[in-house]
Amino acid sequence: MTHTATGHDAHDAPAAPPPRGFRRLTAAGWIRAAWMAPLFFALIAGLVCLLRWHAGWDPVWDWMPITVTAFLTALPIGFLAGIGTFDYWVYYALGHPTRPEDHSDHGARSWRDYFRVNTDHKVIGVQYLCTTFFFFVIGGLLAMLVRAELAKPGLQVTDAQGYNGFFTVHATLMIFLFVIPAFAGLANYVVPLMLGAPDMAFPRLNALSYWLLPIAGVMFIAAFFVPGGGPNSGWTCYAPLCEHNTFGNIFFNMGVQWAGASSIMTALNFLVTIITMRAPGMTFWRMPLLVWANFTTSLLVVLATPFIAGSQFFVMFDRVMGMNFFDVHDGGYVLGYQHIFWFYSHPAVYIMMLPGFGIISEVIAVMSRKPIFGYRLMALSLLAILVLGFSVWAHHMFVSGMAPYLRVPMMITTLLIAVPTGIKVFSWLATLWEGRIHFTTPMLWALGFVSMFVIGGLSGVYLGAVPIDIHTSDTYFIVAHIHYVLFGGAFFTIMAGVYYWFPKMTGRMYSERLGRLHFWTTFVSFNATFFPMHLIGTQGMPRRVSDYDPKFADWNLFISISSFVLGASILIFFYNMIHSWRYGPPAPGNPWRALTLEWQVTSPPPVFNFDEIPQVVGNPYEYGVPGARHALLDGARKHELEEVER
């Protein structure tokens with residue numbers, strides 16, 4: 001049954017009147033941010049200069065500490081204070097009486113509300129997605145510059161250090177500003193609805209966690225414009241290289257801190273929401289698999305992200321404060337950085353994959369019209385990946401010079417983690433078996449993901465074996481593997497999720513014809529771009545180089561041409577989304593005939609999601625089971641009671 005409440009129901013509060021006169025300067029918003037950000041910068045820069053003068057350090061104005069403290073820390077905090085992310089908490093901390101909540105900053109009444117601090121999880125989800133696709137475009141353009149440079153031997157576009165900056169910021173934006181937060185955006189919109197909750201547990205923290213994200217993205221991009229050039233040590237920022245490299249690496253170190261803080265806040269919010277705000281009757285074994293996936297992902301984020309934050313702090317301590325953690329010439333432990341970094345960054349691979357697993361489970365079950373095969377084992381395999389993900393980090397270091405006795409245990413755990421992942425693949429295939437499959441656009445992306453992820457997973461099994469890893473380390477085989485996992489894996493699942501929930505988010509249907517064209521263009525050009533990299537990698541083509549042996553010229557030209565087609569394919573997606581959002585046919589409340597709770601309300605949902613609390617009565621995937629229901633809303637409950645009385 002589809003709930004019939006309107007998108008602006010009785011809970012909808014009127015918008016607050018716009019401030020006038022002097023109040024415009026002090027009211028939360030972009031005008032206040034425009035003067036508070038430079039004010040915070042000036043205060044902290046002055047304080048640093050005062051301390052340096054008092055200590056007798058020369059020069060008093062030193063760009064390194066001032067950049068870290070005033071420009072990369074105080075200025076963003078001033079911006080956040082200006083737009084109003086801290087207002088409620090500061091008001092409370094100063095001892096003022098509690099202000100009555102009028103919900104004037106909750107929900108979107110016009111497009112302007114998407115550019116303000118908003119506490120509605122649906123608005124925040126859209127903010128996340130639009131922001132991440134903006135940085136996706138920038139990261140993609142940097143990839144185009146990389147492939148233009150590699151189209152033929154020699155230097156065409158830039159010099160070697162410029163090339164290093166292109167691929168460093170490309171990877172950084174794609175990981176920290178697209179894949180991870182895009183999943184957070186989809187989950188922000190959908191998970192509270194799936195749980196039957198009116199919002200996230202901490203709406204103001206949810207708003208703050210979003211606004212940290214564009215700060216990190218601006219830092220990564222602004223690094224290109226500082227004296228000496230942008231970050232050029234790779235997205236791994238290995239020490240001690242990055243400690244002695246360009247000034248732009250400081251921007252990388254701090255940008256990772258802001259993005260990591262955003263991830264941790266979001267993860268804590270998800271954990272509390274999932275544990276405490278489920279609708280009556282929704283036990284853990286009745287939760288949709290997307291909720292399970294975000295639950296395990298959030299645990300991974302909370303446990304792992306502090307390690308990458310620590311690694312970047314240590315690098316800044318070495319560079320800015322003259323300490324020595326990683327420089328071997330001064331007694332530092334150079335491999336310590338890699339151990340700390342990869343203890344986060346291999347779990348980060350699953351942070352970038354587990355939400356996609358949940359999305360694919362939703363799409364395949366709905367579009368196959370069958371219950372998900374092995375539901376409980378699917379949920380338990382997510383927990384198994386969570387545990388095993390912390391035991392495989394050193395397989396990234398087989399050629400680093402670490403203790404040889406660590407190689408075999410890490411090889412075993414690397415191969416072992418393929419088991420719970422394989423369980424999920426076989427479960428998806430079993431769900432498809434003899435199903436009534438609907439080849440909609442979300443389903444095409446889901447099936448494309450399964451095939452591409454299997455290829456990426458198989459190459460990962462090869463790389464888990466020490467002899468093969470030694471041979472292919474730092475070659476284009478690694479580039480192919482990571483892109484089959486993160487592009488063929490994460491990007492395909494993000495596309496499946498966007499197309500699947502687009503009607504719910506916008507109240508409009510997209511063009512199915514353009515959606516399929518987008519999929520097939522991407523699928524073919526993606527494989528033409530990255531599959532040949534396996535071949536030239538095993539033949540010795542090194543990665544992270546701007547020039548190469550002419551014997552690889554033909555393959556690199558083919559790869560570059562294919563990559564330009566791949567980049568152009570995203571234009572189909574943007575046209576489809578933008579045109580359909582404005583002119584697409586109205587979407588019914590439940591166009592896919594799904595059972596989960598988000599499809600039992602209107603498209604788009606009411607401001608507070610539900611007019612009454614849903615009662616969960618069954619599994620979310622009982623497709624094809626006569627009379628099966630996942631949840632009852634008030635109208636359905638009355639109907640059930642009438643049937644019983646008869």
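The values are calculated or read from the model by the stated rules, or taken from the named source; none is laboratory data. Computed from a prediction, not measured in an experiment: that's the story for all the values here. Backbone-built Cβ (ideal geometry, glycine too); neighbour counts: all protein chains shown. Surface areas here come from the heavy atoms of the whole protein model, side chains and all, with no ligands, DNA or RNA. Shrake-Rupley method; radii C 1.70, N 1.55, O 1.52, S 1.80 Å.
Do we have any residue at all in the stretch 31-48 that's modelled with pLDDT of 85 or more, within 30 Å of residue 609 (Cα to Cα) and in contact with a Lys or Arg (Cβ under 8 Å, 6 or more places away or on another chain)? No, the conditions are met nowhere in the stretch 31-48. Here residue 146 does not qualify as open to solvent by 50 Å² or more (accessible area, probe 1.4 Å), touching a residue at least 24 places away in the same chain (Cβ under 8 Å), assigned to a helix (DSSP H, G or I) and more than 21 Å from residue 187 (Cβ to Cβ).
Of the conditions (1) in contact with a Phe, Trp or Tyr (Cβ under 6 Å, 6 or more places away or on another chain); (2) at pLDDT 95 or above, residue 214 clears all except one; give me its number. The single condition residue 214 does not satisfy is (1).
For the stretch 378-395, residues that are aromatic (Phe, Trp, Tyr) and open to solvent by less than 10 Å² (accessible area, probe 1.4 Å) total 0. The residues on offer are 285, 292, and the sole one that is hydrophobic (A, V, I, L, M, F, W, C), buried (at least 24 other Cβ atoms within 10 Å of the Cβ) and out of contact with any Asp or Glu (no Cβ under 7 Å at 6 or more places or on another chain) is 292.
Within the stretch 602-646, if we keep just the residues that are modelled with pLDDT under 85, part of a loop (DSSP other than H, G, I, E, B) and hydrophobic (A, V, I, L, M, F, W, C), the residue that is nearest to residue 502 (Cα to Cα) turns out to be 633. Only a single item in (1) outside any loop (DSSP other than H, G, I, E, B); (2) without any contact (Cβ under 8 Å) to a residue 40 or more places away in the chain; (3) under 20 Å from residue 32 (Cβ atoms) is not met by residue 89, and it is number (2). Yes or no: the stretch 418-428 includes at least one residue that is charged (D, E, K, R), assigned to a helix (DSSP H, G or I) and touching a residue at least 24 places away in the same chain (Cβ under 8 Å). Checked against the condition, which is being charged (D, E, K, R), assigned to a helix (DSSP H, G or I) and touching a residue at least 24 places away in the same chain (Cβ under 8 Å), the stretch 418-428 yields at least one hit. Just checking, how many residues over the stretch 298-337 are farther than 23 Å from residue 184 by Cβ, buried (at least 23 other Cβ atoms within 10 Å of the Cβ) and out of contact with any Cys (no Cβ under 7 Å at 6 or more places or on another chain)? Within the stretch 298-337, residues that are farther than 23 Å from residue 184 by Cβ, buried (at least 23 other Cβ atoms within 10 Å of the Cβ) and out of contact with any Cys (no Cβ under 7 Å at 6 or more places or on another chain) number 2.
Is one or more of the residues making up the stretch 508-516 over 22 Å from residue 171 (Cβ atoms), touching a residue at least 60 places away in the same chain (Cβ under 8 Å), of a type in the set (Phe, Trp, Tyr) and open to solvent by 10 Å² or more (accessible area, probe 1.4 Å)? Scanning the stretch 508-516 turns up at least one residue that is over 22 Å from residue 171 (Cβ atoms), touching a residue at least 60 places away in the same chain (Cβ under 8 Å), of a type in the set (Phe, Trp, Tyr) and open to solvent by 10 Å² or more (accessible area, probe 1.4 Å). Scanning the stretch 233-265 for residues that are open to solvent by 10 Å² or more (accessible area, probe 1.4 Å) and under 16 Å from residue 200 (Cα atoms) turns up 263, 264, 265.
Yes or no: residue 373 open to solvent by 20 Å² or more (accessible area, probe 1.4 Å), farther than 23 Å from residue 68 by Cα and either assigned to a helix (DSSP H, G or I) or outside the structural domain of residue 237 (by TED's automatic domain parsing) (or both)? No: the conditions fail for residue 373. Applying a threshold of 8 Å to beta carbon distances and a minimum spacing of six or more residues, or different chains, the list of pairs starting in the stretch 446-469 at a residue that is farther than 12 Å from residue 418 by Cβ and ending at one that is open to solvent by 50 Å² or more (accessible area, probe 1.4 Å) and charged (D, E, K, R) reads 466/407. Between 581, 599, 592, the distinction of being of a type in the set (A, V, I, L, M, F, W, C), closer than 25 Å to residue 440 by Cβ and in a loop (DSSP other than H, G, I, E, B) belongs to 592 only.
Of the residues 55, 70, 42, the single one that is of a type outside the set (Asp, Glu), open to solvent by less than 50 Å² (accessible area, probe 1.4 Å) and without any contact (Cβ under 8 Å) to a residue 40 or more places away in the chain is 70.
Can residue 428 be described as open to solvent by less than 20 Å² (accessible area, probe 1.4 Å) and either at pLDDT below 95 or under 22 Å from the mean Cα position of the chain (by Cα) (or both)? It is false that residue 428 is open to solvent by less than 20 Å² (accessible area, probe 1.4 Å) and either at pLDDT below 95 or under 22 Å from the mean Cα position of the chain (by Cα) (or both).
Which members of the stretch 305-347 meet the condition of being in a loop (DSSP other than H, G, I, E, B) and closer than 18 Å to residue 249 by Cα?
Correct list: 322, 323, 324, 325, 326, 327.
In the set (1) open to solvent by 10 Å² or more (accessible area, probe 1.4 Å); (2) in a helix (DSSP H, G or I); (3) in contact with a Phe, Trp or Tyr (Cβ under 9 Å, 6 or more places away or on another chain), residue 358 fails one condition alone, (1). Among residues of the stretch 320-333 that are more than 26 Å from residue 70 (Cα to Cα), those with a Cβ under 6 angstrom from a residue that is outside any loop (DSSP other than H, G, I, E, B) and open to solvent by less than 100 Å² (accessible area, probe 1.4 Å), sequence gap 6+ or separate chain, pair up as 328/334.
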